[in-house]
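See structure below.
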Amino acid sequence: MRKWISFPHREGTFSRQAHADFPAEAIYEREVGRSGFFGPATHLHHKHPPTGWSNWEGPLRPRAFDLNELPHGTPAPWDAPLVLHNNQCKLRIWRCDKAMTQLFRNADGDDLLFIHAGSGELFCDYGHLSYRDGDYILVPRSTSWRIEPAAPTTMLLIETSNGGYQLPEKGLVGPHAIFDEAMLDVPAIDDAFRAQQTEDEWQVVIKRRGALSTVTYPFNPLDAIGWHGNNAVARINWRDIRPLMSHRYHLPPSAHTTFVADGFVVCTFVPRPIESDPGALKVPFYHNNDDYDEVIFYHAGDFFSRDNIKPGMLTFHPAGFTHGPHPKAFAKAMTEPKKFTDEVAVMIDARDALEQGPGLASVEWQGYVDSWKPKQA
């Protein structure tokens, strides 16, 4: 990996190093970047916060939704409320209290299950796998699967429509950074899996092009006695992720990429030490990510750059405007920075515009766009 040296144009008063050592008269830095933090970028220094708007009109705006308020207890994943979607990505939130009575097979693309709450057992073509809160479970396209919750389970379902999930290239830090592929767990052909191989009638519900078809078997089709290969269900927990860190520089969200799909990426923010260098920015920087819509699902902890956000909420920042930390979080980071962040969140960056699912407006925090306004004295 190598690149030619470039000499960016510089104008006026500026910081020579992005995200650090801001000029005293212009502490508000804004990154205007392309291609999801991988493309060309410019850093502007402003006298006022780039999010210091006094009014906002029109459909484009930052949005926040409390997914805890959506309908509970749908019996199967295909009934789960649609949250956001485009042609390459579909996000649903699913709460499951009882064992699935049918198998599910998604013929439209891979599914990524992020377990927000609960625990239980997953049975699939490849065997049996236990799950707990914080697990990612990657289900390849056209895999038959079902779950048996031991505790009521809430999960974020992220479908890559007509595509598959892969791991990001890790470049200079090497293939074992963030997490070693040896940390990925796969299902086992164990006693629990063999015990469910009965001669009872089972149905497989198949989703293809959004339509459902049902195939009935006079036996349980999860009847494999073994397998070999490198295409399988896989599991990793956020607790097994070892984030990239820099004590002198606030890394962009792309440094925390966990999975890559066609047209979007999935990143994971996990607890880490906060930058300790006196001149380093200690909260996410103001930025225009002008080629991507940004989504964050909040799982656990204290979300240090956001006010009034709790686990189970989701924020949606479409491309086209500057966003960044709330005023109180920015001010505190400049005067009384924390030493450690304990937040856990899942971020989805989508190349094509995302649309809201039906019913999402009923759980929107309408005042979110105003939460950046300067507080009146």
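The values are calculated or read from the model by the stated rules, or taken from the named source; none is laboratory data. Fair warning: this is a prediction, and the values are worked out from it, not measured in the lab. Neighbour counts run over all protein chains shown; Cβ positions are idealised from the backbone, glycine included. To get the accessible areas, we keep the full protein, side chains included, count just its heavy atoms, and leave off ligands, DNA and RNA. Shrake-Rupley method; radii C 1.70, N 1.55, O 1.52, S 1.80 Å.
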**Prompt:** With charges set only on the Cβ (+1 for Lys and Arg, -1 for Asp and Glu), what does the dipole of segment 1-126 come to about its Cα centre, in debye to the nearest 20?
**Reply:** 500
**Message:** Counting other C-beta atoms within 10 Å, and keeping those with at most 15, which DSSP coil trypsin sites (Lys or Arg not before Pro) do you find in segment 176-237?
**Reply:** Arg209
**Prompt:** Can you pull the three principal axis extents for the Cα set of segment 91-163, in Å, largest first?
**Reply:** 32, 23, 17
**Item:** Label-point separation in nm, Leu172 to Lys47, each point 7 Å along Cα→Cβ
**Value:** 3.7
**Fill in**
Gyration tensor (Cα only) of segment 1-150 to equivalent ellipsoid, semi-axes in Å sorted down, yields 45, 21, 15
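Summarise the long-distance tail of P(r) for segment 192-257 by giving the % of C-alpha pairs beyond 20 Å. The partial results should precede the final answer.
Working: 1351 of 2145 pairs.
Percent of Cα pairs beyond 20 Å in segment 192-257: 63.
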**Message:** Could you tell me the center-to-center distance, by alpha carbons, between segment 51-118 and segment 320-377 in angstrom?
**Reply:** 18
**Complete:** Residue separation between Trp365 and Glu69 times 0.36 nm, minus their alpha-carbon distance, gives in nm 105.4 nm
**Rounded to whole Hz, the Karplus (6.51, -1.76, 1.60) HN-Hα couplings of segment 209-219, x for glycine and proline** = 6, x, 9, 9, 10, 10, 10, 9, 10, x, 8
**Item:** Heavy atoms of Trp227 accessible to a 1.4 Å probe, total area in Å² rounded to 10
**Value:** 90
**Item:** Calculated [θ] (222 nm, deg cm²/dmol) that DSSP helices of n ≥ 4 give over the chain, each run adding -39,500 (n - 2.57)
**Value:** -1000 deg cm²/dmol
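At 0.36 nm per residue, and after removing the present C-alpha to C-alpha distance, how many nm does the segment from Gln197 to Thr101 gain when stretched out fully? Provide the component values of the computation, followed by the final result.
Details: separation 96, 0.36 × 96 = 34.56 nm, distance 1.41 nm.
Taking 0.36 nm per residue and subtracting the Cα distance, the gain is 33.2 nm.
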**Prompt:** At what distance in nm do the modelled label points of Phe7 and Asp180 sit from each other, each positioned 7 Å from its Cα along Cα→Cβ?
**Reply:** 4.6
**Prompt:** Which residues make up the longest stretch of the chain that has no GluC sites (Glu not before Pro) in a DSSP loop with at most 13 other Cβ atoms within 10 Å?
**Reply:** 202-377
